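J.: Quick one: the structure is below, and I'll ask about it shortly.
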Amino acid sequence: MDREKLHRFTLNKLKDESEIEEVINWIERSEVNKEEFKTLKNLWAVSGFANYNTYVETQSGKTKKLYKKRIIPMYLVRYAAVFVLAFLIGSLSVYYQEDKNSEQLAWNEIIIPEGESAEVYLSDNTHVWLNSNTKLIYPAKFEGKTRNIKLTGEAYFEVTHNKEKPFYVETSELTVAVLGTSFNVQAFDYEKKVNVTLIEGKVTLQNSGGNVVSELFPGENAQFDLTKKTLSVSKVSTEFYTSWKDGYLVFKNEKLEDIVRKFERWYNVTVIFDEEEIKQIEFTGTILKNKPIDQIFNILKYTAEIDYSMEIINNKPSIIHLKKKPM
């Protein structure tokens, strides 16, 4: 298949129906073609990818009409090198949601796979760092009296101040309300707690009913227990919650069980404890992201009574087994 034609297809510049069908047929012809197109799609994602999903869904009867033109805002294009060269994010897509007046509004969805990270500027110039295994949903343009986005995973925000239009970060059961400030939100859907850490400014926390449950000041962390439905606020060293965005992790008396969860997201590996008791071993230190994963575990091996082995699996996350060091 002609690469130029594929490129024009991803840019939504193919207008001839026969050319669109030709590209679709080529993609669907084999798994090899699908993988090649997936790679190219990721490389060109910031330019705006529309035709493939729309066409296939229409042909299969999932939709009755084509969507309006799907938009990747131009303020993302400035950061093409971040997405394409440094991180090669796995999915960047756009969808539409109908409001109460049945008008279609463009929403962007960015999904960061495990082992990757990214940065993005929203339409109000708010700067967002996205950690591994994170999904961010936000409007192409903020309209109305508020600025609302939805987050699953972890992100660091530097919100542009606008006292007339507050900014809301919605997680599964907790919403962070701000005017303009810097803070970190950790809200992975498979973990039992939501953490909000404030760096600058002031934020309020609201429950799913919209009621304010707490107010945070700089240097404070709020931890919401999703099981017990309880909230605790404490003074913290914010570096422990925000260092990931600068490429390193900081630990202080942190259990190995909690540390490896971050490794799994950061390095796209699966860690299995062959012996349960080593989960409680505590570590203190700093780890740089650009270090190979085996080097990281060698450090742990020589600073504690643990050993590890690694299974390399093609096209799947490697599996790391942890156990006590043999006597």
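The values are calculated or read from the model by the stated rules, or taken from the named source; none is laboratory data. This structure is a prediction, so every number in the text was calculated from the model and none was measured. Cβ sites come from the backbone with ideal geometry, for glycine too, and all protein chains shown count toward neighbours.
J.: Looking at region 229-250, which of its residues are within 16 Å of S172 (Cβ to Cβ) and modelled with pLDDT under 90?
T.: Of everything in region 229-250, just one residue is within 16 Å of S172 (Cβ to Cβ) and modelled with pLDDT under 90, namely K229.
J.: Still on this structure, please answer the following. Count, please, the residues in region 230-257 that happen to be more than 17 Å from L288 (Cα to Cα), free of Cβ contacts under 8 Å to residues at least 40 places away in the same chain and either part of a loop (DSSP other than H, G, I, E, B) or within 20 Å of the chain's Cα centre (by Cα) (or both).
T.: 2
J.: For region 266-287, which residues satisfy the criterion of being surrounded by 12 or more Cβ atoms within 10 Å (Cβ to Cβ) and at pLDDT below 85?
T.: The answer is W266, Y267, N268, F283, G285, I287.
J.: Scan region 270-296 and report the pairs whose first residue is on the phi > 0 side of the Ramachandran plot and whose second residue is buried (at least 16 other Cβ atoms within 10 Å of the Cβ), with Cβ atoms within less than 6 Å and a gap of 6+ or a chain change.
T.: As it stands, the answer is G285/F251, since those pairs meet every condition given.
J.: Within region 290-306, count every residue that is touching a helix residue (DSSP H, G or I) at 6+ places or on another chain (Cβ under 6 Å) and either over 20 Å from N253 (Cβ atoms) or not aliphatic (A, V, I, L, M) (or both).
T.: First pass over region 290-306, keeping only residues touching a helix residue (DSSP H, G or I) at 6+ places or on another chain (Cβ under 6 Å): 293, 306.
Remaining after also requiring either over 20 Å from N253 (Cβ atoms) or not aliphatic (A, V, I, L, M) (or both): 293.
Count: 1.
J.: Here is a further query. For region 236-289, give me each residue that is under 20 Å from N131 (Cβ atoms) and of a type in the set (S, T, Y).
T.: If the condition is that a residue be under 20 Å from N131 (Cβ atoms) and of a type in the set (S, T, Y), then S237, T238, Y241, T242, S243, Y248, Y267, T270, T286 are the ones that fit.
J.: Same structure again: Condition check: farther than 30 Å from L288 by Cβ, in the same structural domain as E154 (by TED's automatic domain parsing) and hydroxyl-bearing (S, T, Y). Does T227 satisfy that?
T.: In short, yes.
J.: Follow-up. Would you call S214 in contact (Cβ under 8 Å) with a residue 12 or more places away in the chain, in the same structural domain as F167 (by TED's automatic domain parsing) and surrounded by fewer than 17 Cβ atoms within 10 Å (Cβ to Cβ)?
T.: Values: in contact (Cβ under 8 Å) with a residue 12 or more places away in the chain: yes; in the same structural domain as F167 (by TED's automatic domain parsing): yes; surrounded by fewer than 17 Cβ atoms within 10 Å (Cβ to Cβ): no.
So S214 fails the test.
Residues checked against (1) assigned by TED's automatic domain parsing to the domain that holds D258; (2) under 16 Å from S123 (Cβ atoms); (3) in a strand (DSSP E or B):
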residue: K135; (1), (2), (3): no, no, yes
residue: K141; (1), (2), (3): no, yes, no
residue: K150; (1), (2), (3): no, yes, yes
residue: F157; (1), (2), (3): no, yes, yes
residue: T160; (1), (2), (3): no, yes, no
residue: L198; (1), (2), (3): no, no, yes
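J.: Picking from K228, K193, K235, K165, which residue would you name as being in contact with a Gly (Cβ under 6 Å, 6 or more places away or on another chain) and basic (K, R)? Walk me through it before giving the result.
T.: On the way: K228 fails: in contact with a Gly (Cβ under 6 Å, 6 or more places away or on another chain); K193 fails: in contact with a Gly (Cβ under 6 Å, 6 or more places away or on another chain); K165 fails: in contact with a Gly (Cβ under 6 Å, 6 or more places away or on another chain).
Being in contact with a Gly (Cβ under 6 Å, 6 or more places away or on another chain) and basic (K, R) holds for just one of K228, K193, K235, K165, which is K235.
J.: Taking the conditions exactly as written (surrounded by fewer than 18 Cβ atoms within 10 Å (Cβ to Cβ), among the hydroxyl-bearing types (S, T, Y) and modelled with pLDDT of 95 or more), does Y168 satisfy them or not?
T.: yes
J.: Moving to a separate point now. For region 137-148, enumerate the residues that are under 13 Å from the mean Cα position of the chain (by Cα) and crowded, with 21+ Cβ neighbours inside 10 Å. Explain how you work it out, then say what you get.
T.: Residues of region 137-148 under 13 Å from the mean Cα position of the chain (by Cα): 137-138.
Y138 - this is the single residue of region 137-148 that is under 13 Å from the mean Cα position of the chain (by Cα) and crowded, with 21+ Cβ neighbours inside 10 Å.
J.: State which residue pairs qualify: first residue among the charged types (D, E, K, R) and inside region 195-210, second residue surrounded by 15 or more Cβ atoms within 10 Å (Cβ to Cβ) in any location, beta carbons under 6 Å apart, and separation of 6 or more residues or different chains.
T.: E200/T181; E200/S182; E200/P218
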